[in-house]
1. Report, ordered by the first and then the second residue, all pairs with beta carbons closer than 8 Å, sequence separation of six or more or different chains, a first member in the stretch 93-109 that is surrounded by 20 or more Cβ atoms within 10 Å (Cβ to Cβ), and a second member that is among the β-branched types (Val, Ile, Thr) and not in a helix (DSSP H, G or I).
2. Name the one entry in 9, 13 that is in contact (Cβ under 8 Å) with a residue 40 or more places away in the chain and in a loop (DSSP other than H, G, I, E, B).
3. Could you please let me know if residue 122 is touching a residue at least 40 places away in the same chain (Cβ under 8 Å), among the hydrophobic types (A, V, I, L, M, F, W, C) and under 22 Å from residue 53 (Cβ atoms)?
4. Output the residues belonging to the stretch 123-165 that are modelled with pLDDT under 90 and of a type in the set (Gly, Ala, Ser).
Amino acid sequence: MFEVLVFVYENYYAGDSCPEPAHLERKLNAVGFESDEIDDALSWLSGLNTAARGSTGFVGTSQLVSPEPWLREPCPTSARVYPAAEQNHLGATCLGFISFLESAGVLPAAMREVVIDRAMAAPGAPVSLDDLKIIILMVYWSFGQEPDPLVLDELCDDSTDRIAH
């Protein structure tokens, strides 16, 4: 599934250029992805689209009513408590990375909640850090935001090639 998401991100970075799901499915089939991977990715992207739309807050002058209570904007002084299911599915490494991005001020609370929701919808437990980085990129993409260049570097960096000094 994550290979499909990376392909979609790389080829349709400008969110407006991404085709409708049926057309995207045909393109992904033509590229050579397996049907089950495509179905999983399109289902995951549909959930991402719903979560991103539900957490945007305002459209024009009218406020959106969030379809999910967890998509409400958290209070700035609140603390996020991760239930056991999230701790088990995300693992310590991913939770630490989310905390790092939050403390650096580059992952607002509303986006964090969408990242957690989409990570919980991802296969595998615990989710790998590389997969979480793809999820974070996709969340930025769905919000129509480009990550700061240093954040983008951190999200796209392959730590296996790093040389310790």
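The values are calculated or read from the model by the stated rules, or taken from the named source; none is laboratory data. Values in this document were obtained by computation on a predicted structure and should not be read as measured data. Backbone-built Cβ (ideal geometry, glycine too); neighbour counts: all protein chains shown.
1. Note: pairs meeting the criteria are 94/127.
2. Testing whether each residue is in contact (Cβ under 8 Å) with a residue 40 or more places away in the chain and in a loop (DSSP other than H, G, I, E, B) leaves just 13.
3. Yes, satisfied.
4. 124, 125, 142, 144, 159, 164
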